[in-house]
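The values are calculated or read from the model by the stated rules, or taken from the named source; none is laboratory data. As the structure is a prediction and not an experimental result, all values here were calculated from the model. Cβ: placed from backbone, ideal geometry, glycine included. Neighbour counts: every protein chain shown.
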Amino acid sequence: MSSFIESLTEYQLDTLKEIGNIGSGNAATSLSMLLNHKVDMNVPAVRVVGFDQMMDLVGGADKLIVAVFLRIEGEAPGNMFFVLSPGEAETFVKEMTGIESFSVEQPPLDEMALSALQELGNILAGAYLSALSDFIQVLLQPSVPLLTIDMAGAILAEGLMELSQVSDYAIIIDTIIDDHENDREPITGHFFLLPDPDSFPKIFDRLGVSEQ
Amino acid sequence: MTIQTNEIIKVGIADLKFAKSPDVLRTSGLGSCVGVVVYDSSLNIAGMSHVMLPDSSLSKRSDLNELKYADTAIPFLVNQLLRDGARKFALKAKIAGGAQMFSFSSSNDMLRVGARNVEAVKQILTEYRIPIIAEDVHGNSGRTIEFNLETNMLKIRTVSQGETEI
């Protein structure tokens, strides 16, 4: 295991958890406004996982997922994913656009539906990152978010390329947001934040939790 | 009488496994990564590698994982097959993957990694004089691949195009 991951202290892991908390808290508020009802957020988990384990978090490498990916540029670069299952994405599209027939497994996919999903990713990731940027006092510039519907392994591995040059493990800040409407399946979204290896010292430094 | 069951041997990311007939080698969710199968068709032995990056000199570590890079994983794969009795002249390869999952308008070279992986895999196989019998590379879809050691066929599944065999 790579040295910087091995040497993380409990305190630093807690700090990363707080980053997930603040980011997804803001994202949950945005989603709540978008859908006009209550959205819950669970306690974030910070996981140090092997690449295969990361795929297992969303159901395995060949599981179909709907993902919005964006690259974070700036002082603490990294990658970010917002992941929904096909069923959750369909629920969201129906709620937002009223398109009842939308199914991610039946192409051609409705442009309006895709646009709604892209916008969902845009709003949530933007909310997450701006809160994060304020918290750690670092300028973060997200790229245009890209929507992809494909196998989890194929999509998530793209976010591991930078990291895989220094480690066989990824530090994932995983938060799940959950909207509660009794009459249907909840929308449960995973946020995966994958800071580049060099970003960790910067983040810790700004938050005053650098190694002793 | 013995009943043969085809065991499916799973190959993870930056991983490599060997098998013999009647087993099946499978790796799931290849995006920009490349699945490389090298086999001796008459002995029905094969190895499958899930290559993640083209070149081990990119590594910023000394204790690198040699199964992750095309230039270290393929030599490992070939040498182990030869140790297991495969004949060098009989080795053949099938490859799949190397897609570009996202198209950023960015100068970041990491985003072209699929094409670079394919290029590196082909170059190394050429150096070993192992012919590539079939390939399904590039594009922008994820692939799950299965190599059947009884038939030496590589089954490729994508979300949009279903299954094909090469």
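Suppose we filter segment A:31-47 for residues that are surrounded by 18 or more Cβ atoms within 10 Å (Cβ to Cβ) and under 15 Å from the mean Cα position of the chain (by Cα); how many remain? Looking only at that region, the number is 4. For segment B:42-56, the condition of being part of a loop (DSSP other than H, G, I, E, B), of a type in the set (S, T, N, Q) and more than 24 Å from B:F102 (Cα to Cα) holds for at least one residue.
The number of residues in segment B:58-99 that are within 14 Å of another protein chain (Cβ to nearest Cβ) and polar (S, T, N, Q) comes to 4. A single member of B:I156, B:I166, B:I124, B:I132 is crowded, with 19+ Cβ neighbours inside 10 Å and more than 14 Å from chain A (Cβ to nearest Cβ), and it is B:I124.
Within the option set A:G20, A:G25, being under 12 Å from the mean Cα position of the chain (by Cα) and either over 18 Å from A:F192 (Cβ atoms) or assigned to a helix (DSSP H, G or I) (or both) holds for one residue only, A:G20. Tallying residues that are of a type in the set (G, A, S) and closer than 9 Å to B:P54 by Cβ within segment B:113-143 yields 1. Of the set (1) out of contact with any helix residue (DSSP H, G or I) (no Cβ under 6 Å at 6 or more places or on another chain); (2) modelled with pLDDT under 80; (3) not β-branched (V, I, T), all apply to A:M41 but (1). Residues that are within 14 Å of chain A (Cβ to nearest Cβ) and either over 19 Å from A:T148 (Cβ atoms) or at pLDDT below 95 (or both) were ranked within segment B:144-153; the one that is surrounded by the most Cβ atoms within 10 Å (Cβ to Cβ) is B:I145. Inside segment B:26-41, residues that are under 24 Å from A:I65 (Cα atoms) and outside any loop (DSSP other than H, G, I, E, B) make up a count of 7.
Which residue out of A:F192, A:F102 is crowded, with 17+ Cβ neighbours inside 10 Å and out of contact with any strand residue (DSSP E or B) (no Cβ under 9 Å at 6 or more places or on another chain)? Of A:F192, A:F102, the one residue that is crowded, with 17+ Cβ neighbours inside 10 Å and out of contact with any strand residue (DSSP E or B) (no Cβ under 9 Å at 6 or more places or on another chain) is A:F102. Would you call A:L114 of a type outside the set (S, T, N, Q), more than 10 Å from chain B (Cβ to nearest Cβ) and without any contact (Cβ under 8 Å) to a residue 60 or more places away in the chain? When the stated conditions are applied, A:L114 passes them. Screening A:A27, A:A61 for residues that are in contact with a Gly (Cβ under 9 Å, 6 or more places away or on another chain), in contact (Cβ under 8 Å) with a residue 12 or more places away in the chain, away from chain B (no Cβ under 13 Å) and surrounded by 24 or more Cβ atoms within 10 Å (Cβ to Cβ) leaves exactly one candidate, A:A27. For segment A:150-173, taking the residues that are within 17 Å of A:L84 (Cβ to Cβ) and more than 7 Å from chain B (Cβ to nearest Cβ), the one that is surrounded by the most Cβ atoms within 10 Å (Cβ to Cβ) is identified as A:L156.
Against the conditions (1) surrounded by fewer than 20 Cβ atoms within 10 Å (Cβ to Cβ); (2) more than 17 Å from B:A46 (Cβ to Cβ); (3) not aromatic (F, W, Y), B:V137 satisfies every one except (1). All told, B:G29 meets the bar of being within 14 Å of chain A (Cβ to nearest Cβ) and crowded, with 21+ Cβ neighbours inside 10 Å. Out of B:I13, B:I9, one residue alone is without any contact (Cβ under 8 Å) to a residue 60 or more places away in the chain, surrounded by 15 or more Cβ atoms within 10 Å (Cβ to Cβ) and away from every other protein chain (no Cβ under 11 Å). It is B:I9.
Could you check, for segment A:144-160, whether at least one of its residues is closer than 25 Å to B:Q100 by Cβ, of a type in the set (S, T, Y) and modelled with pLDDT under 80? Checked segment A:144-160: no residue is closer than 25 Å to B:Q100 by Cβ, of a type in the set (S, T, Y) and modelled with pLDDT under 80.
In segment A:131-148, how many residues are at the interface with another protein chain (Cβ under 7 Å from one of its Cβ atoms) and either touching a helix residue (DSSP H, G or I) at 6+ places or on another chain (Cβ under 9 Å) or without any contact (Cβ under 8 Å) to a residue 40 or more places away in the chain (or both)?
Total satisfying the criteria: 2.
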